[in-house]
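Engineer: Pasting in a structure now, in structure tokens, and then I'll have a few things to ask.
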Amino acid sequence: MSTDPLIINGWIQVSEGQYYLMAAGASQPEPPTQAGRILSNEADEGSLYIKAGTYEGKIHLAVHVHAEAPPPDDTSWEVVEDSEIEASEGELDVIKWGGGVPGDFSDLAYYGPGTYHVRVHTRRRPLQATDLTDSEDVDPATDIEKGLLEEHLIVMWPEPQ
């Protein structure tokens, strides 16, 4: 197996402000119970809930799967969270809300079965009314008008045995 990372880039349609990283046979993930978090694997070790700021629409997604932990990404990300996911059968895919794999975001357990460390980076998340003070207004079209769409980067690597 090559030690070169698997790199996939593309756009995914987000519905209901969520998408998932799921292993074969895993149950539907549940949203985070801790306020302010964007990741949750509370329902099943083989499924990871990923919360988007975009409620309905497209976001740019990049997935990088490395043989071992890469150096931290020094570019400006607004949110970075870590979790893990169990891919016991060696199958791991990005899944849209309602089902289906968007584009080429499948076969992500690139280095075989096992537990993968998952680091999710986000930026340009649309402002939500709860992010603002009482004196501010929210304009959900602002990011779209400026061409600044939400972006996510998922970096993964197998956990050491």
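Bear in mind that the values in this text are calculations on the coordinates, not laboratory data. What you see is a predicted model; the values in this text were computed from it and never measured. Cβ placement follows ideal geometry from the backbone for every residue including glycine, while neighbour counts extend to all protein chains displayed.
Engineer: Give the Rg (one decimal place) followed by the Dmax (whole number) of region 1-65, computed from C-alpha coordinates and expressed in Å.
Structural biologist: Cα radius of gyration and Dmax of region 1-65 are 13.3, 40 Å respectively.
Engineer: To continue, here is another question. Using label points projected 7 Å from each Cα along Cα→Cβ, tell me how many nm separate Val101 and Glu84, to one decimal.
Structural biologist: Label at Val101, label at Glu84, 2.5 nm between them.
Engineer: Report, in whole Å, the centroid distance computed from the Cα atoms of region 1-50 and region 56-130.
Structural biologist: A separation of 6 Å, based on Cα centres.
Engineer: So for region 6-129, averaging the separation of alpha carbon pairs under 8 Å that are six or more residues apart and normalising by length, what relative contact order in percent results?
Structural biologist: Once divided by the residue count of region 6-129, the mean separation gives 32 percent.
Engineer: Check which residues have an amide H placed less than 5 Å from Ala87's amide H, if you skip close sequence neighbours.
Structural biologist: Gly114, Thr115, Tyr116
Engineer: I've got another one for you. Using the charge dipole of region 6-129 (Lys, Arg: +1 at Cβ; Asp, Glu: -1 at Cβ; taken about the Cα centre), state which of Asn41, Gly103, Thr122 has its Cα farthest towards the positive end.
Structural biologist: Going by the charge dipole, the pick is Thr122.
Engineer: Rank-order 43-49, 68-74 by packing density, defined as the average count of other C-beta atoms within 10 Å over each peptide's residues, highest first.
Structural biologist: My ranking of the peptides, most packed first, is 43-49, 68-74.
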